[in-house]
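Here the structure comes first, spelled out in structure tokens, and everything after it is commentary.
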Amino acid sequence: MSTASHLRQLLADIDAKRENARALIRDLQAELTRLDAERKPIADALRSVIYPIVDLAPELTLEIFAYYAAGGYDPVILTHVCRSWRQIALMAAKLWSQIVVDSSTQSSIDGDKLLHRRFERAGECFIDVKTTSKRGPCADPRVYSIISGHSHQIRSLEYEIPLPKQCRFEGMTGHIPHLESIHLAVSAARIRTPYLREAPALCKLTIDVSKPEFSLLELVFPFQQITFLCVSTPCQDVLLFIALFPRLQFLEFCSWDLALPTNQIVLNYLRTLRIRDGAPRLLLGWLRILEVPALEALAIDLQRAAIPECTQNLGTFLASKERLRSMELSNLSGATAVDIVTLTPNLISLKLDRLTDQADLFQALVPDIFEPLLPGLVELSVTTPPVEESDLRVLDFLHSRAVAGEALRRFSFTSSQRQGWFSDSDFQRRVESLPFTVDIRTPSGGQALQEPPILYSLLD
């Protein structure tokens, strides 16, 4: 039987151990508190590196998603990253408004369901559909059938013709009420598109032709309602094709060995005409059969212009263009530029790209009491190759326009060299006092611009 003193000793030993344990716990709690405080800024820093986008407001997150979706990134991956991203992606119909299928697309039960779901997720947003990419066109008939079944949702359509074997778009005939824009890649002659005849909203048409001899005259469109036409590659019968579109407001094509129609081409509504380089010797003789009384903007690439025949034909064309207000000319000399703009006194905007011997231009633009050249010019933009001209002619032009109180509001000069008279501090100081904007642009340092980081790399 234990004595009282022995029991008291045992109790005292246990109490001592308990106190030691409590002290150890207090020390551990203090250490945990210290470690928590030390951990928090590190964890916050790590979170800001790994998941910066998760902390943004949903509206900003959606804008970032939309930016990458517009660049061709598939929003499907957003639904598998985290719950918040999935909710944002599924609620944003505009993320699903682009559908791209190509040679890698193969029909399957799951694939067909996914394609149907893409159309459904777009909700009331109209959809831009592409059936081709750099890898080649989609060749699965089932995919074309699904697209045709949702044709009432399509806003723009880009595809190659002729369509791959057994692939059809006839199912969309009469069911494309919202189709506004078509981009066709033509790789064969005399292709018909009867399913595009009934497209009440269609107004924009872009065509690429793989060979100049391929005819476009068999293509069927609602010609009376097209207002925008761009044939971006050389095509021999493009003028005959253009004559079918009486209500064009924008026209762009290549001047290349063109077959001429027997009658004048009258485009009473045309506002903008852009002529691409294409011919071995650019003559522009066909301009004589083109009547565009409402023309306001003209752009021409003169890289292969046959001087003086080309400028003479252009001069005849410009003589009656009193409404012309904007002109863009590429690959020409200062003297040629002066010859052309002399015929367009009402210009308010002039852009000269890859201009050589620009001294003639600036000298001619100094206001003259008797014959002022382009007195209403508001904006002048000049891009030149490497030059060794002094700044005197440019300064004379700028100061004379300022003193004369003319309309000039913006002058932009871009050079492909990093240093020159335009980088001189005295020149920069003198132009700062001018009453209009002077923008001198040079290469930033010879480094290529980097692509924006892929959105999903932020998770790595």
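List of remarks:
- Residues (surrounded by fewer than 17 Cβ atoms within 10 Å (Cβ to Cβ) and among the charged types (D, E, K, R)) located in the range 170-203: 170, 190, 192, 197, 198
Residue by residue, here is whether (1) surrounded by 16 or more Cβ atoms within 10 Å (Cβ to Cβ); (2) within 21 Å of residue 365 (Cα to Cα); (3) touching a Pro at 6+ places or on another chain (Cβ under 8 Å) holds:
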| site | (1), (2), (3) |
| --- | --- |
| 256 | yes, no, yes |
| 262 | no, no, no |
| 278 | yes, no, yes |
| 311 | yes, yes, no |
| 325 | yes, yes, no |
| 346 | no, yes, no |
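- Annotation note: of 289, 307, the sole residue that is modelled with pLDDT under 90, among the hydrophobic types (A, V, I, L, M, F, W, C), out of contact with any Lys or Arg (no Cβ under 7 Å at 6 or more places or on another chain) and in the same structural domain as residue 251 (by TED's automatic domain parsing) is 307.
- Qualifying residue in the range 230-237 (condition: out of contact with any His (no Cβ under 6 Å at 6 or more places or on another chain) and at pLDDT 95 or above): yes
- The set of residues in the range 58-90 being within 14 Å of residue 100 (Cβ to Cβ), aliphatic (A, V, I, L, M) and surrounded by fewer than 16 Cβ atoms within 10 Å (Cβ to Cβ) consists of 70, 76.
- Residues that are in contact (Cβ under 8 Å) with a residue 40 or more places away in the chain and of a type outside the set (Asp, Glu) do not occur anywhere in the range 107-116.
- Hits in the range 250-284 - residues which are touching a Cys at 6+ places or on another chain (Cβ under 9 Å) and of a type outside the set (A, V, I, L, M): 250, 252, 253, 254, 256, 274, 276, 277, 278, 281
- Residue among 201, 259, 243 that alone is farther than 27 Å from residue 130 by Cβ and modelled with pLDDT of 90 or more: 243
- Pairs with Cβ under 6 Å, 6+ apart, first in the range 203-215 and closer than 23 Å to residue 226 by Cα, second among the aromatic types (Phe, Trp, Tyr) and in a strand (DSSP E or B): 204/228
- Index of the failed condition, residue 140 passing every other in (1) acidic (Asp, Glu); (2) at pLDDT 90 or above; (3) crowded, with 18+ Cβ neighbours inside 10 Å: (2)
- When residues in the range 196-238 are screened for being under 20 Å from residue 153 (Cα atoms), within 25 Å of the chain's Cα centre (by Cα) and among the small types (Gly, Ala, Ser), 1 of them pass.
- Qualifying residues in the range 115-173 (those that are under 27 Å from the mean Cα position of the chain (by Cα) and of a type in the set (Val, Ile, Thr)) - the one nearest to residue 210 (Cα to Cα): 161
- Residue count for the range 225-258 satisfying the condition of being in contact with a Ser or Thr (Cβ under 9 Å, 6 or more places away or on another chain) and of a type in the set (S, T, N, Q): 4.
- Qualifying residue in the range 69-78 (condition: charged (D, E, K, R) and either at pLDDT 85 or above or under 30 Å from residue 165 (Cα atoms) (or both)): yes
- Residue that is nearest to residue 170 (Cα to Cα), among those in the range 196-255 that are in contact with a Gly (Cβ under 9 Å, 6 or more places away or on another chain) and assigned by TED's automatic domain parsing to the domain that holds residue 286: 253
- The listed residue being under 20 Å from residue 326 (Cα atoms), surrounded by 12 or more Cβ atoms within 10 Å (Cβ to Cβ) and either in the same structural domain as residue 343 (by TED's automatic domain parsing) or modelled with pLDDT under 70 (or both), out of 431, 378, 387: 378
Matching residues to (1) modelled with pLDDT of 75 or more; (2) touching a strand residue (DSSP E or B) at 6+ places or on another chain (Cβ under 8 Å); (3) closer than 23 Å to residue 119 by Cα:
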residue	(1), (2), (3)
46	yes, no, no
53	no, no, no
57	yes, no, no
64	yes, no, yes
67	yes, no, yes
87	yes, no, yes
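- 3 or more residues closer than 30 Å to residue 139 by Cα and of a type in the set (Phe, Trp, Tyr): qualifying helices (runs of 4 or more DSSP H) within the range 24-126: 58-70
- Scope the range 143-169; condition in a helix (DSSP H, G or I) and crowded, with 17+ Cβ neighbours inside 10 Å; matching residues: 143, 144, 146, 147, 148, 151, 153
The values are calculated or read from the model by the stated rules, or taken from the named source; none is laboratory data. Fair warning: this is a prediction, and the values are worked out from it, not measured in the lab. Cβ sites come from the backbone with ideal geometry, for glycine too, and all protein chains shown count toward neighbours.
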